[in-house]
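Notes for the one structure printed next.
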Amino acid sequence: MPILGLTVPGPAHPPHFSLERLIRPNILSLEPYRCARDDYSEGVLLDANENAMGSVLPKKLDPVAAQTLEHVQGDLNRYPSPTHDDLKRKIAKFRGVPDEHWVFLGVGSDEVIDLLFRVLCVPGKDKVMTTPPTYGMYGVTAQVNDVGVVPVPLTADFQLDEAKMSASLAEVKILFVCSPGNPTGTVIPLDAIKRVLDNPTFTGVLVVDEAYIDFAPSGSSAASLVNEYANVCVTQTLSKSFGLAAIRLGYLLAPPPLVQILTNAKAPYNISLPTASLALSAVSDEGLAEMQRVAATLNDNRDTLIRDLRTIPRIGRVLGGNHANFILVEVLNKAGEPDVQLAMEVYKTLADSRGVVVRFRGKEPGCKGCLRITVGTEKECKLVTERLRELLQ
Ligand SMILES: Cc1ncc(COP(=O)(O)O)c(C=O)c1O
């Protein structure tokens, strides 16, 4: 059965992959919801039961609302565009995929991840593969959707364990690879990703989660592979390098057949007008230049933070590749060993009595006794270093 609404073909490689065979049959045959606005967006709009009188917002707005409205182009009493093609075109251009047919927008990448489960995995039957230590939402979303998880831990240096993965690849519909990883901060080389994509036992889709890609060296992104391979897609977000976590805008770069399937299954107006307007400003030439400047500053702060933390005797190794806006450090006991209990105590005391909140990751595979510390402003980095020094003295 063809994919409804598909107008642009995707890559034909690799030959062993068929999206049509992978998609849940009920999704493949789905007649998508259509609104009059899909066909007409101008004129006297009496099609969507909106409020013709306008919005009830008072003249004096709270500061965040006022700041948001400075960017909003359009009327708040109207439903937003179901497609936001202008935003997709901008994203396609700066991330290096051909056009808007290769971009799907979600309410954060978390919504994109959830939708991928819903279109690909039959509840109670299908499975996905994760590579711990990794982002927790893959497991949570799997459970919400009643989908099994096959965890294949990363190697000690936080790379894909290709031999172990190979044994179970045939069983899974989605493989989640986080690059740079959370909490590892380690980039997975494109060659390793390509080897999985070309492995004929893998008939599923490989999702590369690149939430932190703008903090990594250039050339690290798997976005280029989306143009070549039918069985890969890349999630990215405005929540990290763009500093816009509050607006909830994530996106998937994927071949048009997968984008079309997700579009057929999504809620009609999932991306709000304020979010799309702010996102458009963020990905303007000016916004992109600012994003790069800020990411470079945070990378400098990260290097300083690592250098300063290394002067604290009870802070152990800084693990992983340090290619994200966080670091992963061991807390050592008196014997000089990473200590889960001590890391937990430090985490709690830091938050409860020193006003600094970091993340305890000490029980994750390969992260024994570790804390994950987000790279903050210069002042925040100095503060967390001082507080840790006091506590671990
Ligand atoms: C690896 C990874 N992917 C995705 C997300 C979620 O991103 P978003 O804010 O776009 O939903 C996070 C958030 O921390 C993350 O660490």
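The values are calculated or read from the model by the stated rules, or taken from the named source; none is laboratory data. The shown structure was predicted, so the numbers you read here are calculated from the model rather than taken from an experiment. With ideal geometry, Cβ positions are generated from the backbone for all residues, glycine too; neighbour counts draw on all protein chains shown. SASA here: full protein model, heavy atoms, side chains in, ligands and nucleic acids out. Shrake-Rupley method; radii C 1.70, N 1.55, O 1.52, S 1.80 Å.
Structure notes:
- Relative contact order of the chain, pairs being alpha-carbon contacts under 8 Å that are 6 or more residues apart, as %: 19
- Placing +1 on the Cβ of every Lys and Arg and -1 on the Cβ of every Asp and Glu, with no other charges, gives segment 135-218 a dipole of roughly 120 debye about its Cα centre.
- The angle between the Cα long axis of helix 378-392 and the longest principal axis of the Cα atoms of the chain comes to about 40 degrees, rounded to the nearest 10.
- Helix axis angle, 273-282 relative to the chain longest principal axis, alpha carbon, degrees: 60
- Expressed as a whole percent, the accessible area of the chain that falls on carbon and sulfur atoms is 53 (1.4 Å probe).
- Debye, to nearest 20: dipole size of segment 296-347, +1 on Lys, Arg Cβ, -1 on Asp, Glu Cβ: 100
- By average C-beta atoms within 10 angstrom, highest first, the peptides 187-199, 39-51, 100-112: 100-112, 187-199, 39-51
- The Rg/Rh ratio for segment 19-283, using Cα coordinates for both the radius of gyration and the Kirkwood hydrodynamic radius, is 1.00.
- Cysteines not pairable in the chain (beta carbon separation under 4.7 Å absent): C35, C121, C178, C233, C381
- Sequentially through segment 9-18, phi angles give Karplus couplings (6.51, -1.76, 1.60; θ = phi - 60°) of x, x, x, 8, 9, x, x, 7, 9, 9 Hz, Gly and Pro residues having no value and appearing as x.
- Accessible area of the chain divided out per residue, in Å², using a probe of 1.4 angstrom: 47
- Amide H contacts for F326 (H built 1.01 Å from N in the peptide plane; partners 5 or more residues away or on another chain; cut-off under 5 Å): V375.
- The Cα center of segment 80-111 and the Cα center of segment 19-60 differ in position by 17 Å.
- Solvent-accessible surface (1.4 angstrom probe) belonging to L57, in square angstrom, nearest 10: 90
- Value at 222 nm in deg cm²/dmol, rounded to 500, when DSSP H runs of n ≥ 4 in the chain each add -39,500 (n - 2.57): -11000 deg cm²/dmol
- For the peptides 80-86, 67-73, the ranking by packing is 80-86, 67-73, with the highest mean count of neighbouring Cβ atoms within 10 Å listed first.
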